[in-house]
Amino acid sequence: MHRSLKDDASPDARSCGAAEPSSESGVASLIGGAATAASSPCVASGEEHPSSSPLSIHDMTVAYHRKPVLWDVDFDAPEGKLIGIVGPNGAGKSTLLKAVLELVPKASGRVTIYGAPYRRQRRLVGYVPQRESVDWDFPVSALDVVAMGTYARIGWLRPVTRKYKDAALAALSRVGMADYADRQISQLSGGQQQRVFLARALVQDAKVYLMDEPFAGVDAATEKAIVRILHDLRDAGRTVLAVHHDLQTVPEYFDHVMLLNMRIVASGPTRDMFTRENLQKTYGGRLTLLDQAAHAMARGIANSE
Amino acid sequence: MNWSSYDTWIVLTGALCAAACALPGTFLVLRRMSMMGDAISHAVLPGLAAAFMLTGSRGSWVMFAGAAAVGVLTALFTQWVHRLGKVEESAAMGVVFTALFALGLVMLVQAADDVDLDPGCVLYGSLELAPLDARSFFGASVPRAALMLGAVFLVNLVLVVVFYKELRISSFDPELSTTLGIPGGLMHYGLMTMVAVTTVAAFESVGSILVIAMLIVPAASARLLTDRLWLTLALSVALGAGGAALGHVGAITVPTWFGFVDTGTAGMTAAAAGAIFILCLLAGPRHGLVSRFVHRLGLALRIAREDVLGLLYRLEEAGGARRARAGEVASLMRSAIGGGGTVTRLAVADLRRRGRVRSRSGELHLTPLGREDARKLVRSHRLWETYVARHFALPPDHLHPSAERAEHFLSRDMRRAIEDEADLPTRDPHGAPIPERTKESS
């Protein structure tokens, strides 16, 4: 499943390896502008990405202002696992999630959810953004925020009826926040706000969850509560990818791990991949060549015109 | 004050204008994009001017569409300048809207001979003239501006009600909104269109500068009064309309007090909106300065009451040799904890009323109820000192100040937690007995 990591020496892994900065498709599309799945040798061979995978990322490159920040990410998420995304600041962890969700444009590559493009499978994917990404002074209650998770099901122009509010309340109780349903969200502590976000994801009843630092700035009790809920989700066959910062707790919380630093350094079962050597590769500075290439591309394209 | 139906129509037109602006304005404020309202209201000017030049008349659909289109383009141009020029967003906005506004002014001056619109109107509109241009509406003669603004208000109201859920989520969390199939960008430009159309409709009445006051100020005031979105919307409509009424009354009365003739209604309306904002700032229930002051006063009184009880308890504890004379409490308080004065006298009176203390032959005594309260307080104080002594490297004489503060805020659970952690201490670090937990005071 984790083709790119199966074996660094195997020829097919090398030909579309995640850490190959010179892989044709990403670079070509950045220069030529035309990103086609067919131009990638990896994606062309369909059996490489099993359609049963909850999330397949096919050779995805993401650039801001034409400067690549994520190179050739190729990844299949195993179903029903908790997957930790780990890497230094600026490694592109949040960008990876946002690119999957089409919140930032991809320079190349494509994403499938259970074998179909993300756009058609939106309803199967739940997203927990970083807590700081929203304005907590907004005049809504905790229940209002959680109910937002049902909006896709409700559909355009229809009001939020009793049924959906009850579902939201049930999700709030699941994270131990039922007593705070009517509180304006600015009156909640950081941990409580994070629980509200989690409840909002739960009420979406998605199959794949993408969480951006769900443990950031929460108290010990909330951390335990979140871990328990993640385990419940896994037991129910859901797949969770979570950006995580605390290396200490990675082996305890996550079955699988993706080590990221502008490219996938390693990914696979935590016990195999979460090694000192891999961590050193991830955190031991950026690949200078990648940086140089990215700068050259950003500059070169700007100058040539 | 001479009130006529003329005045009623002015107020009504102004109120409809404010109400129409308040709806999209609330979302601008909540999205922290108030400046965008400013930018759009300025930038519609070249669209208006072009339409004036083309059709030679006001109130045509061409004018509406042209100006609204330029308004939306402002939002788009701002994004482009921001991204392509790598200019900070508010700077990009400044570049775009000042350029468009200036272009509009130039066009207006050029066309001034052909159309009945002068740059002064751009500044503050001509609300007073609204009743002069009336249309027949179901048999009644209604100012054209009132009809137009009424229609825009209704359209805005319907849009906000119908898209309530979509506006809420895309304003609060545009990214999540997009992943749920409600594109944040689409909602953004939808709202910008609403702002542009509303500004165009309001332009003749209040001009393109004062309309900003109608977009932003009522919404900012309403935000101070409530934490509910629908109530914020309702209140900003009401405050906007109220400001318009107040503004007109103010315009025809206030200047006469100072010997001037009456002044422009639109200007006074914006001033009234500002006054309402200040009022909300002072009197808001949770964020208001008055309520904060009352809350602090209540807290100060509670602390003083508890300090008096604590003082009497310690005097009793000292063996009853010392009794506090009623008038003496204040000076004892002053020497014990630095308090005293009016608040202490108020606190003593309050304690008497609540049956916590009573005077006997000129001396203050704790009643059984008061003693129970006092035990709780002294227990908190001494447990806190015990706790601090265990965890901080501080000499014993440094324990008192923080305990003086903390004693008023420890809950039952916190007292128990300290007690359990310190293995049920009986004496504090100074050797004074810690009152035991009882049924009433734990």
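The values are calculated or read from the model by the stated rules, or taken from the named source; none is laboratory data. What you are looking at is a predicted structure, and each value in this text was computed from that prediction instead of being measured. Ideal geometry is used to build each Cβ from the backbone, glycine not excepted, and the neighbour counts take in all protein chains shown.
Within segment A:146-158, can one find any residue that is aliphatic (A, V, I, L, M), more than 30 Å from residue A:106 (Cβ to Cβ), surrounded by 18 or more Cβ atoms within 10 Å (Cβ to Cβ) and in contact with a helix residue (DSSP H, G or I) (Cβ under 8 Å, 6 or more places away or on another chain)?
Within segment A:146-158, one or more residues are aliphatic (A, V, I, L, M), more than 30 Å from residue A:106 (Cβ to Cβ), surrounded by 18 or more Cβ atoms within 10 Å (Cβ to Cβ) and in contact with a helix residue (DSSP H, G or I) (Cβ under 8 Å, 6 or more places away or on another chain).
Sort out which residues of segment A:118-133 are within 11 Å of residue A:197 (Cα to Cα) and either touching a Lys or Arg at 6+ places or on another chain (Cβ under 6 Å) or within 7 Å of chain B (Cβ to nearest Cβ) (or both), and write them in order of number.
A:127, A:129
So residue B:228 passes all but one of these: (1) away from chain A (no Cβ under 14 Å); (2) under 17 Å from the mean Cα position of the chain (by Cα). Which condition number does it fail?
(1)
Inspect segment A:118-139 for any residue being among the polar types (S, T, N, Q), on the phi < 0 side of the Ramachandran plot, surrounded by 19 or more Cβ atoms within 10 Å (Cβ to Cβ) and within 15 Å of the chain's Cα centre (by Cα) and give the result as yes or no.
Checked against the condition, which is being among the polar types (S, T, N, Q), on the phi < 0 side of the Ramachandran plot, surrounded by 19 or more Cβ atoms within 10 Å (Cβ to Cβ) and within 15 Å of the chain's Cα centre (by Cα), segment A:118-139 yields no hits at all.
List the pairs whose first member sits in segment B:167-186 and is within 7 Å of chain A (Cβ to nearest Cβ), whose second member is of a type in the set (Gly, Ala, Ser) and buried (at least 24 other Cβ atoms within 10 Å of the Cβ), and whose Cβ atoms are under 7 Å apart, counting only residues at least 6 apart or on separate chains?
Final answer for the pair search is B:169/B:177; B:182/B:170.
What number of residues in segment A:154-193 are within 14 Å of another protein chain (Cβ to nearest Cβ) and under 22 Å from the mean Cα position of the chain (by Cα)?
1
Name the single residue, out of those in segment B:70-98 being buried (at least 16 other Cβ atoms within 10 Å of the Cβ) and out of contact with any helix residue (DSSP H, G or I) (no Cβ under 6 Å at 6 or more places or on another chain), that is nearest to residue B:49 (Cα to Cα).
Only one residue tops the list, namely B:73.
Filter segment A:76-101 down to the residues that are in contact with a strand residue (DSSP E or B) (Cβ under 8 Å, 6 or more places away or on another chain), within 14 Å of chain B (Cβ to nearest Cβ) and of a type outside the set (A, V, I, L, M, F, W, C) and list them by number.
Result: A:94, A:95.
Kindly indicate whether any position in segment B:371-382 is free of Cβ contacts under 8 Å to residues at least 60 places away in the same chain and either within 41 Å of the chain's Cα centre (by Cα) or in the same structural domain as residue B:306 (by TED's automatic domain parsing) (or both).
For segment B:371-382, residues free of Cβ contacts under 8 Å to residues at least 60 places away in the same chain and either within 41 Å of the chain's Cα centre (by Cα) or in the same structural domain as residue B:306 (by TED's automatic domain parsing) (or both): present.
In contact with a helix residue (DSSP H, G or I) (Cβ under 8 Å, 6 or more places away or on another chain), within 14 Å of chain A (Cβ to nearest Cβ) and crowded, with 17+ Cβ neighbours inside 10 Å: is that true of residue B:219 in this structure?
Yes: the conditions hold for residue B:219.
Would you kindly identify the strands (runs of 3 or more DSSP E) lying entirely within segment A:44-135 that contain at least 2 residues that are touching a His at 6+ places or on another chain (Cβ under 9 Å)?
Once the strands (runs of 3 or more DSSP E) in segment A:44-135 are filtered for at least 2 residues that are touching a His at 6+ places or on another chain (Cβ under 9 Å), what remains is A:55-64, A:67-77, A:82-86, A:108-113.
Would segment B:353-363 turn up any residue that is in a helix (DSSP H, G or I) and at pLDDT 85 or above? Outline the logic, then answer.
To start, the set of residues in segment B:353-363 that are in a helix (DSSP H, G or I) comprises B:353.
From the residues that got through so far, the ones that are at pLDDT 85 or above too are B:353.
Checked against the condition, which is being in a helix (DSSP H, G or I) and at pLDDT 85 or above, segment B:353-363 yields at least one hit.
Considering only residues that are modelled with pLDDT under 85 and touching a Pro at 6+ places or on another chain (Cβ under 9 Å), which ones fall in segment B:391-418?
B:396, B:399
Test residue B:294 against the criterion of being over 16 Å from residue B:222 (Cβ atoms), without any contact (Cβ under 8 Å) to a residue 12 or more places away in the chain and among the β-branched types (Val, Ile, Thr), and give yes or no.
yes
Inspect segment B:19-26 for any residue being within 14 Å of chain A (Cβ to nearest Cβ), in contact with a helix residue (DSSP H, G or I) (Cβ under 6 Å, 6 or more places away or on another chain), buried (at least 24 other Cβ atoms within 10 Å of the Cβ) and modelled with pLDDT of 90 or more and give the result as yes or no. First the steps, then the outcome.
Let us first name the residues in segment B:19-26 that are within 14 Å of chain A (Cβ to nearest Cβ), namely B:26.
Those still in the list that are in contact with a helix residue (DSSP H, G or I) (Cβ under 6 Å, 6 or more places away or on another chain) too: B:26.
Filter once more, keeping what is buried (at least 24 other Cβ atoms within 10 Å of the Cβ): B:26.
Now drop any that are not modelled with pLDDT of 90 or more, which leaves B:26.
Yes: segment B:19-26 contains one or more residues that are within 14 Å of chain A (Cβ to nearest Cβ), in contact with a helix residue (DSSP H, G or I) (Cβ under 6 Å, 6 or more places away or on another chain), buried (at least 24 other Cβ atoms within 10 Å of the Cβ) and modelled with pLDDT of 90 or more.
Would you mind stating whether residue A:104 is surrounded by 17 or more Cβ atoms within 10 Å (Cβ to Cβ), touching a strand residue (DSSP E or B) at 6+ places or on another chain (Cβ under 8 Å) and either within 12 Å of chain B (Cβ to nearest Cβ) or under 30 Å from residue B:223 (Cα atoms) (or both)?
For residue A:104, the condition - surrounded by 17 or more Cβ atoms within 10 Å (Cβ to Cβ), touching a strand residue (DSSP E or B) at 6+ places or on another chain (Cβ under 8 Å) and either within 12 Å of chain B (Cβ to nearest Cβ) or under 30 Å from residue B:223 (Cα atoms) (or both) - is met.
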